[in-house]
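The values are calculated or read from the model by the stated rules, or taken from the named source; none is laboratory data. These numbers come from a predicted model, not from an experiment. Methodologically, a virtual Cβ is constructed for each residue, glycine included, from the backbone with ideal geometry; neighbour enumeration extends over all protein chains shown. Protein only, heavy atoms only, side chains kept; ligands, DNA and RNA dropped before computing areas. Shrake-Rupley method; radii C 1.70, N 1.55, O 1.52, S 1.80 Å.
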Amino acid sequence: QVQLVESGGGLVQPGQSLRLSCAASGSSFSINVMTWYRQAPGKQRELVASIASGGSTIYADSVKGRFTISRDNAKNTVYLQMNSLKAEDTAVYSCKMFGRSGPEQRYLEVWGQGTLVTVSS
């Protein structure tokens, strides 16, 4: 069984930065893609950024140039560096892992519990 644990959320002022972490743990698993999503109050969940095993990345237009996704394969951890934060970035941020697990290496999708980011003056 694979679990994801996010950390790094909190309250910051506009213009400040935060770094979110998402660590995967378990046995006999491999990660193909790690993705950060966010859901603001009253809005639908949206993709923020994604990184594949080879390092290729995609970003939502709203965060391009401000957010950077990266991964440490040795630690099975993905990071989201968020700079120049705006009030509209306020949301619960969740990470999702798509990969394989178990003796048969079946595909699986795992979600973290989410971490709240609040940007307010």
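Annotations
- Thr90 long-range amide H proximity, modeled H, under 5 Å: Val119
- Ligands, DNA and RNA are left out, and with a 1.4 angstrom probe the accessible area of the chain is 54 Å² per residue.
- Computed 3J(HN,Hα) for segment 76-81, one whole-Hz value per residue from the Karplus formula 6.51 cos²θ - 1.76 cosθ + 1.60 where θ = phi - 60°, is 6, 10, 10, 10, 10, 8, glycine and proline marked x.
- Label-to-label distance, nm, for residues given as Glu46 and Arg66 (7 Å Cα→Cβ offset): 1.0
- Cα-based reach from Lys64 at 16 Å (exclusive), listing aspartates and glutamates while leaving out same-chain residues under 8 positions away: Glu46, Glu88, Asp89
- Among Ser70, Ser101, Ser62, residue whose mean-square fluctuation peaks in a GNM of the chain (springs only between Cα atoms under 10 Å): Ser62
- Based on the convex hull around the alpha carbon atoms, the chain presents an average projected area of 7.1 nm².
- Counting protein heavy atoms only, the chain has 47 percent of its accessible area on carbon and sulfur, 1.4 angstrom probe.
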